[in-house]
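S.K.: Okay, here's the structure, questions in a sec.
The values are calculated or read from the model by the stated rules, or taken from the named source; none is laboratory data. A quick note: this is a predicted structure, and the numbers were derived from the prediction, not measured. Cβ coordinates were reconstructed from backbone atoms using ideal geometry, including for glycine residues, and neighbour counts include every protein chain displayed.
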Amino acid sequence: MPGVPPVNRSPLVVVGSANADLVVRVGRRPLPGETVRGGDLAVHPGGKGANQAVAAARLGGRVTLLARVGDDSHGALLTRALREAGVDFPAFPYGNRPTGTALIVVGPDGDNSIVVSPGANALLSPADIAEQRERLAAARVLSLQLEIPLDTVTAAVGAAGPITRVVLNPSPPTDLPAEVLARCDPLVLNQHEARHLLGVDTAPEEAAVALLARGPRSVVITLGAEGALVAEGDGTTTRVPGEEVAVVDTTGAGDAFTAALAWRLSEGDGLTPAVRYAVHVGAEAVSGAGAQSLSPRGRTPGPAVTDG
């Protein structure tokens, strides 16, 4: 139709959350009912969906993010950061909710505790997905997380094309519909998330095989400083080793891992080479402050550390 811009068909489409991360560093984490003194408050663009989209774009990918923000200063911050990173970020109408917010406390060892207020993320709906069906059907890879409504995740998987590869990080963890699990290739999760889904603490290889039995086509379990475990659909497993780095802030490290993995898959890499690259990229994420701390482009594949 004349005057209507064409839909951008990115090889990688991310459907997920966009948050403002409010971060404070502390000498030690407070006990229940206790107040401790922290450092200066820092505000960073974040949210699992936005983190993954920005990281993949900075690594060199052509990426579309489907997410909702509010009509407020945090929404403006996120929109600016996404577009400056080169992410295609189609605008949805503002709802009556503020932009999602994550309250993050970072301890002296770089580990963090996070409380998320969903805000506008809760408004991302199956109707929004239906409006973007053309983008989803044309994607080589669809990357998802669970900081948006589960029925929206299910709708996005249903809208994906028959050859679209679905990468899903079940965070925060919850039971997934069978039709979603059946499209995951891979299901990407850390050991805490695997434990939650399985209800038992077991060795990563055993956990991966148990997760495969639930329906995904492949599974990747991140192992912190030890790297990651790849489990193919036939049950074979491969360990990808990690590398020690100076940890500054683990916020968003798992998102950087998933972004790198999804991007390399969209470029045609096999699963294990893509995981090897993703484990390498995780090192830069934990070596800088903020969930979107990756600098643009120029990664050399190799091992690294990620918190998953």
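Rundown of residues vs (1) hydrophobic (A, V, I, L, M, F, W, C); (2) closer than 22 Å to V167 by Cβ, yes/no style:
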{"residue": "A91", "(1), (2)": "yes, no"}
{"residue": "Y94", "(1), (2)": "no, no"}
{"residue": "I104", "(1), (2)": "yes, no"}
{"residue": "A120", "(1), (2)": "yes, no"}
{"residue": "S125", "(1), (2)": "no, yes"}
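S.K.: Of all residues in the stretch 132-173, which are farther than 15 Å from T64 by Cβ, part of a helix (DSSP H, G or I) and of a type in the set (D, E)?
M.R.: D151
S.K.: Return a yes/no flag: does the stretch 141-148 have any residue that is polar (S, T, N, Q) and more than 20 Å from A260 (Cα to Cα).
M.R.: Looking only at the stretch 141-148, we keep the residues that are polar (S, T, N, Q), and these are 143, 145.
Still in the list and also more than 20 Å from A260 (Cα to Cα): none.
Scanning the stretch 141-148 turns up no residue that is polar (S, T, N, Q) and more than 20 Å from A260 (Cα to Cα).
S.K.: Can you tell me which of R299, R276, R264 is touching a strand residue (DSSP E or B) at 6+ places or on another chain (Cβ under 7 Å) and either at pLDDT below 70 or not in a loop (DSSP other than H, G, I, E, B) (or both)?
M.R.: Working: R299 fails: touching a strand residue (DSSP E or B) at 6+ places or on another chain (Cβ under 7 Å); R264 fails: touching a strand residue (DSSP E or B) at 6+ places or on another chain (Cβ under 7 Å).
When all the criteria are applied, what remains is R276.
S.K.: Quick one: count up the residues across the stretch 71-88 that are closer than 13 Å to N19 by Cα and either in contact with a Gly (Cβ under 7 Å, 6 or more places away or on another chain) or buried (at least 21 other Cβ atoms within 10 Å of the Cβ) (or both).
M.R.: Going through the stretch 71-88 one residue at a time, the tally reaches 3.
S.K.: If L22 satisfies all but one of (1) outside any loop (DSSP other than H, G, I, E, B); (2) closer than 20 Å to L123 by Cβ, what's the number of the condition it fails?
M.R.: For L22, the failing item is (2).
S.K.: Right, here's the next one. Considering each of V54, V63 in turn, give the residue that is closer than 11 Å to A18 by Cβ and either out of contact with any Phe, Trp or Tyr (no Cβ under 7 Å at 6 or more places or on another chain) or surrounded by 15 or more Cβ atoms within 10 Å (Cβ to Cβ) (or both). Break it down stepwise before answering.
M.R.: Working: V63 fails: closer than 11 Å to A18 by Cβ.
Criteria check complete, one pass: V54.
S.K.: Could you please give the count of residues in the stretch 194-224 that are of a type outside the set (A, V, I, L, M) and in contact (Cβ under 8 Å) with a residue 24 or more places away in the chain?
M.R.: The number of residues fulfilling the criteria is 9.
S.K.: Moving on to the next point. Cβ-Cβ below 7 Å, separation at least six or inter-chain, first residue in the stretch 230-252 and surrounded by fewer than 16 Cβ atoms within 10 Å (Cβ to Cβ) and of a type in the set (D, E, K, R), second assigned to a loop (DSSP other than H, G, I, E, B) and modelled with pLDDT under 85: which pairs?
M.R.: E243/P303; E243/A304; E243/V305; E244/V305
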